[in-house]
Amino acid sequence: MNGWALGPETGLVGFPAVGAVVLAIAAARGRRLVVGLTVAATLAAFVLTLARVLSIGAYEQDIGGWGAPLGIGWRIDGFAVLMLGLSVVVGAVVSIYSLAYFGEDPGDRRRALFFWPLWLFLWSALHGLFLSRDLFNWYVTLELSGLAAVALIALSGRADALTGSLRYLLLALAASLLYLLGVVVLYSATGTLDLAQVASRMTPGPVALAAVLLITTGLVVKAALFPAHFWLPSAHASAPSPVSAVLSALVVKGGFYILARTMTGLWPAASADGVLLVLGWLGGAAVLWGSLLAIRQQRLKLVIAYSTVAQLGYLFIAFPFWMDGVGEQAASRAWAGAAYQAVSHGLAKAALFLAAGVLIHARGRDDLDALRGLGAHLPVTATAMALAGISLMGIPPGAGFLPKWMLMTAALQEGRIIPIMVLMAGGLLAVGYLFRIFRRLLAADDVALDHAPPRTMEIAALVLGILSVIAGLSSLPILSLLSIGAPEGMNAYLEGVP
Amino acid sequence: MTVTIYSLAAIALFVLGLYGLWWQPHLLRKLVSLNIASAGAFLLMVALAYRGGDPDPVPHALVLTGIVISVSATAFAVVLAARRYRETGSVELDEPEARS
């Protein structure tokens, strides 16, 4: 193999990292230019990666020619490209939003000095995570993204942000250690870290089960699945709004992504059906519990953060469909549904947090009653929130409708009633907590704005809102992308897609 | 035999560290506990690298990466805790969820 063969996907990790280094040492003057170049280069790298996957199918790339076990081996397939696409799009919009968000008062300018390198490092680490197919590289990218995320949460320096970030840091580190211990157990049993090699060499038994439990527990904390969700609301709500958007839309998806990869690639060999079933129940509980708590919150960003807890639950309702004995149709429907939900929630939640940032900027506080009557002043932001809300409630044509529909039909095929009830209740509860926001936003109160928010921020939120509807209308391209290099047994449903 | 002793000691350290992380209210004690747990995980990796004959170099390389991450994370956590102490005067997270 050519030692210097670097594919376009290298740019997804490389360009944000270079941008981060430049912004860490350069003065604030050239910031717009550097951010613009970084975003443009990353978008271009993504388009080239997408084109390559579409033309040659799933492919593997060993960085610098060094593959497993010591090097970094990447595997780029439809699922990876879909998650990368979510990250690139949300990241690009958040970057443009942040140029306007940071840059008002002197305190913000100081924070921006730290925000830009940290955020671009986080972006780079997430792309590394989505590209990796190696248990130890996942540990490294989880730590990289986790540490950058903690620093971003603490950015405001306020007491609640410091508490939220510290609690997140301690839990994330403990979770990483559990994950690492599981990886060590797997390595000692199989002598490799590459996902496919581990799967082929693993034999069911107590050792495999111990590894499964350790890795799953660690990742469940990272993915904020109920009951390990309690760190999420305080951390996500106390962060600056663009950071909240990235955390809820992308960072928690990292844990889910690795779990979905290991569950479909590795655990069949460990026959850990019980674990899959427990994850499904926890997902269902998360949908109900997160939604109920979202309805009880009095602060805008806490409502949105608890909604994240609920929406992440849907991702895990898919897991029991991967047990032995479930029909291939239902299993593959659930798989596609989970991947689709990751994207639709990412777009909608990022739009909501960005819009929340606009509203909080306009009023200078974030309790729900501060929103009264703002809709008349900020129609663009209100529209962004409405579009994102349609997706979260699961109403067509919002992107949140299709994943729930796929999960529901999978449950119907298997004759399972409980997932269907949870999915329907979850949609109804989402209407409940979102209308607490909309009702106030559209109230006919006559209020004055404290600050006029920058136009860029409003439009960025609207772009993501529109995208969360477009993602619902373009299901065919998304599903046919997912079918490229889909894991074994997960293609039955996707093959029916033209 | 030696491997078993090291592995059991490593698991004991890990469990002890996690226990301390959960139950110790003081932030610095939590951090020390976290480092004890990391030491356990790293010790296990070193112990399992020995399977008779020459030790396997891969886990050693992984431990080095792990130590680097652990040192930076600890330093970062200490800075956060110190800043939080300046802001709030508190050295405990004192949230019911964190300890119950």
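For every residue, the table says whether it meets (1) of a type in the set (A, V, I, L, M); (2) farther than 30 Å from residue A:187 by Cα; (3) modelled with pLDDT under 95.
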| residue | (1), (2), (3) |
| --- | --- |
| A:1 | yes, no, yes |
| A:8 | no, yes, yes |
| A:66 | no, no, yes |
| A:72 | yes, no, yes |
| A:106 | no, yes, yes |
| A:110 | no, yes, yes |
| A:114 | no, yes, yes |
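Is there a residue in region B:20-29 that is within 9 Å of another protein chain (Cβ to nearest Cβ), within 17 Å of residue A:175 (Cβ to Cβ) and either in contact with a strand residue (DSSP E or B) (Cβ under 7 Å, 6 or more places away or on another chain) or modelled with pLDDT of 85 or more (or both)?
Yes, that holds for at least one residue.
Residues of region A:467-482 being in contact with a helix residue (DSSP H, G or I) (Cβ under 6 Å, 6 or more places away or on another chain) and open to solvent by 30 Å² or more (accessible area, probe 1.4 Å), which ones?
If the condition is that a residue be in contact with a helix residue (DSSP H, G or I) (Cβ under 6 Å, 6 or more places away or on another chain) and open to solvent by 30 Å² or more (accessible area, probe 1.4 Å), then A:467 is the only one that fits.
Every residue, every condition in (1) part of a helix (DSSP H, G or I); (2) over 15 Å from residue B:31 (Cα atoms); (3) open to solvent by 50 Å² or more (accessible area, probe 1.4 Å); (4) modelled with pLDDT of 90 or more, yes or no:
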{"residue": "B:62", "(1), (2), (3), (4)": "yes, yes, no, no"}
{"residue": "B:67", "(1), (2), (3), (4)": "yes, no, yes, yes"}
{"residue": "B:72", "(1), (2), (3), (4)": "yes, no, yes, yes"}
{"residue": "B:79", "(1), (2), (3), (4)": "yes, no, yes, yes"}
{"residue": "B:84", "(1), (2), (3), (4)": "yes, no, no, yes"}
{"residue": "B:87", "(1), (2), (3), (4)": "yes, yes, yes, no"}
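Answer yes or no as to whether residue B:11 is within 15 Å of residue A:184 (Cβ to Cβ), modelled with pLDDT of 90 or more, among the aliphatic types (A, V, I, L, M) and open to solvent by 60 Å² or more (accessible area, probe 1.4 Å).
Answer is yes for this residue.
Checking residue A:400 against (1) open to solvent by 10 Å² or more (accessible area, probe 1.4 Å); (2) in contact (Cβ under 8 Å) with a residue 24 or more places away in the chain, which single condition isn't satisfied?
(1)
Cβ-Cβ below 9 Å, separation at least six or inter-chain, first residue in region B:72-83 and more than 9 Å from every other protein chain (Cβ to nearest Cβ), second open to solvent by 60 Å² or more (accessible area, probe 1.4 Å): which pairs?
B:78/B:28
If we scan region A:153-160, do we find a residue that is more than 12 Å from chain B (Cβ to nearest Cβ) and closer than 28 Å to residue A:246 by Cα?
Looking for residues that are more than 12 Å from chain B (Cβ to nearest Cβ) and closer than 28 Å to residue A:246 by Cα, one finds none in region A:153-160, hence no.
Can you find, within region B:30-50, the residue that is farthest from residue B:11 (Cα to Cα) among those that are open to solvent by 20 Å² or more (accessible area, probe 1.4 Å) and without any contact (Cβ under 8 Å) to a residue 24 or more places away in the chain?
B:32
Taking the residues in region A:403-454 that are touching a helix residue (DSSP H, G or I) at 6+ places or on another chain (Cβ under 7 Å) and among the charged types (D, E, K, R) as candidates, determine which candidate is surrounded by the most Cβ atoms within 10 Å (Cβ to Cβ).
A:404
The values are calculated or read from the model by the stated rules, or taken from the named source; none is laboratory data. Please read these numbers as outputs of a predicted model, since none were measured by experiment. All Cβ positions, even for glycine, are placed from backbone atoms using ideal geometry, and neighbour counts span all protein chains on display. These accessible areas exclude ligands, DNA and RNA; they are computed on the full protein's heavy atoms, side chains included. Shrake-Rupley method; radii C 1.70, N 1.55, O 1.52, S 1.80 Å.
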